[in-house]
1. Name the residue that is nearest to Phe156 (Cα to Cα), counting only residues in region 229-251 that are of a type in the set (S, T, N, Q) and not in a helix (DSSP H, G or I).
2. Evaluate the following for Ile271: is it open to solvent by 80 Å² or more (accessible area, probe 1.4 Å) and either at pLDDT below 95 or of a type in the set (S, T, N, Q) (or both)?
3. So if I check each of Arg43, Arg67, Arg72, which one is touching a Lys or Arg at 6+ places or on another chain (Cβ under 7 Å), in contact (Cβ under 8 Å) with a residue 24 or more places away in the chain and of a type in the set (D, E, K, R)?
4. With respect to Tyr435, determine if the residue is among the hydroxyl-bearing types (Ser, Thr, Tyr) and touching a Phe, Trp or Tyr at 6+ places or on another chain (Cβ under 9 Å).
5. Looking at region 380-397, is at least one residue crowded, with 17+ Cβ neighbours inside 10 Å, farther than 26 Å from Leu482 by Cα and either among the acidic types (Asp, Glu) or without any contact (Cβ under 8 Å) to a residue 60 or more places away in the chain (or both)?
6. Out of the residues in region 423-447 that are open to solvent by 10 Å² or more (accessible area, probe 1.4 Å) and touching an Asp or Glu at 6+ places or on another chain (Cβ under 6 Å), which is modelled with the highest pLDDT?
7. Being open to solvent by 10 Å² or more (accessible area, probe 1.4 Å) and closer than 19 Å to Leu256 by Cβ is the filter here; which residues of region 13-31 pass it?
8. I'd like the full set of residues that are of a type in the set (S, T, N, Q) and either touching a Ser or Thr at 6+ places or on another chain (Cβ under 8 Å) or on the phi < 0 side of the Ramachandran plot (or both), limited to region 302-352.
Amino acid sequence: MGNYHCNRYLDISSHPTIFASCALENVCLTTSGKFLLFLPNDRITMGYKEEFINNLNSKPWIYTQGRVQTDRGNQFVTLVDSDLILEYNNENKIKSVTSIKIDENLLENNFDKKSILEILSKNGKPLKIASNFNFIKKPVYGLKRYASGNMGHFIFENLMMVFTNMINHASTKTTTTTTMIRKDNKSDNNENSIIDKLMDNHILFLDDLFDNSPDNWISVYEYDKDMATKFSLEIPKLISKNSVLQLCKRRNGNFLIEELPCKESVVDSVIDETTGTTTTNLQKENVIDDGSTLQTCFSKLIVGLTKDSFMDTEGKESLVIKYREFAYHSLSIFPKPSQEDDEDIMVNYLSEKPIIIAIHYKSPNSHYGKTIWNTQELSEHLQKSLQNDKYIKRFHSQNRIEVKVFDFKDMNLMEQVKFFSNVDVYITDQGSSAYYCVYMRKGTTVIIAPECSANNECVTTLGFRKLSSLVLNTQVIDYMDLSIGPISCNPRPTPGFSANCDAILSPDIISKAVLASLKKRNKILIQSKLNIIP
């Protein structure tokens, strides 16, 4: 039976949609791209019923884009005054789809399956379904992408919108638990099963990055479409264990749900349940049906934007913490975030792992520039200074010191997440690379370089301000707070920023900051070696 569970914005007047987010039950997509919610009017009890129903059918229900910009994200849903009935054959495949208004007589009597089929045949209205019609039983989280070729935007204005809905609309049974910490470096099975249940979903992109419609440029902004497609395929795997879906449009105007990315050609045939005839629409033909054919129905479709996690970071800290738990669980990374307060587990982990200081190398060919100019100099100075440091020699003589200047293109996304789970100190430019610190462990440090212009004027970056207000697992440091006096930079105009000047960081300042961060990071390890009880 159809239903909806929605919440509203506090300030309704400032939002174009009726609701903030919704979980829609038994909602269907037609080949014309409309979403139909099969819900009899007599089960709607809001206010002046007729006025409210008219409002639902004429205004956008929710906003599906990660940032409110243009009406591209407005999602309409049309109410159908009846219930949806699916009939399965002996092979458990859908045989027919019927709509019927279930009256009190049907509800009050205990009918067997045969009687119900007789009632449907007399009173039900057969619906046309596409030959590739699908009913998706698992929860589906829908969205339209925003600036999806940038890692920071993808995480906080795309994935975090989905993750917020996942946590908000999950049942109490799947979100409440007492986590038990075990000494064998494994999490309690109860914790794992809850995450597994929440990850048993599909993520559905309701847009096409290669669509040239006027407002669709927002989907990638000025970033690379191929990179956006790569992010769209890979990043959802951290919170979903099923295939990523996409709303696709054929040249004949028909819509359908496919696995991402959309196929280039398809034969779309339609079965008319009233006549039993089949019509085949080849992609090359300009043929469409009347738009009422059902293509896909969803047991539960969850969509909506409660708050932009990139523009409004306050109050989102717990979501970032929970997101890292899902990412680690998905990739079987140990220790788990829930184990990072267990001293025995962490002393063992820190004793065995190498000390890793990561320095991001950003290609000088990047569109905006804003790189760290002297990454190699920093690496060489750090390697030498750490190896000769008395603290390192005393407490980390058994730990290998690894100072890594790395480029993201040398690792796939899953390798990147695993890499950052072991990084102790991260030195990065102010771009999207800084946002990878969400995958770092509790007690680690990220140092973010400033943004400089050609007049040697360097400023604290937007990335630092956002991450320092949002990320609790790692200490976020602004290089501007470490440096006394003016900061040098290398003037280098780029296509996207003619006044670009790449920051030159002081090796001495960075070495001191890294050493202090390592002492803080390894506090429990030092206490253990000195037999100090905290």
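1. Going through region 229-251, the residues of a type in the set (S, T, N, Q) turn out to be 229, 232, 240, 242-243, 246.
This time we only want the ones that are not in a helix (DSSP H, G or I), so: 240, 242-243, 246.
On the way: Ser240: 16, Asn242: 21, Ser243: 21, Gln246: 20 Å.
Selected residue: Ser240.
2. Details: open to solvent by 80 Å² or more (accessible area, probe 1.4 Å): no; either at pLDDT below 95 or of a type in the set (S, T, N, Q) (or both): yes.
No, not satisfied.
3. Values: Arg43 fails: touching a Lys or Arg at 6+ places or on another chain (Cβ under 7 Å); Arg67 fails: touching a Lys or Arg at 6+ places or on another chain (Cβ under 7 Å).
None of the other options fit; the residue is Arg72.
4. Values: among the hydroxyl-bearing types (Ser, Thr, Tyr): yes; touching a Phe, Trp or Tyr at 6+ places or on another chain (Cβ under 9 Å): yes.
Considered against the rule, which asks whether it is among the hydroxyl-bearing types (Ser, Thr, Tyr) and touching a Phe, Trp or Tyr at 6+ places or on another chain (Cβ under 9 Å), Tyr435 comes out as yes.
5. no
6. Lys442
7. Asn26
8. Taking region 302-352 as the starting set, the residues that turn out to be of a type in the set (S, T, N, Q) are 306, 309, 313, 318, 330, 332, 338-339, 348, 351.
Correct list: Thr306, Ser309, Thr313, Ser318, Ser330, Ser338, Gln339, Asn348, Ser351.
The values are calculated or read from the model by the stated rules, or taken from the named source; none is laboratory data. Model, not experiment: these values are computed from the prediction. Cβ atoms come from the backbone with ideal geometry, glycine included; neighbour counts cover every protein chain shown. To get the accessible areas, we keep the full protein, side chains included, count just its heavy atoms, and leave off ligands, DNA and RNA. Shrake-Rupley method; radii C 1.70, N 1.55, O 1.52, S 1.80 Å.
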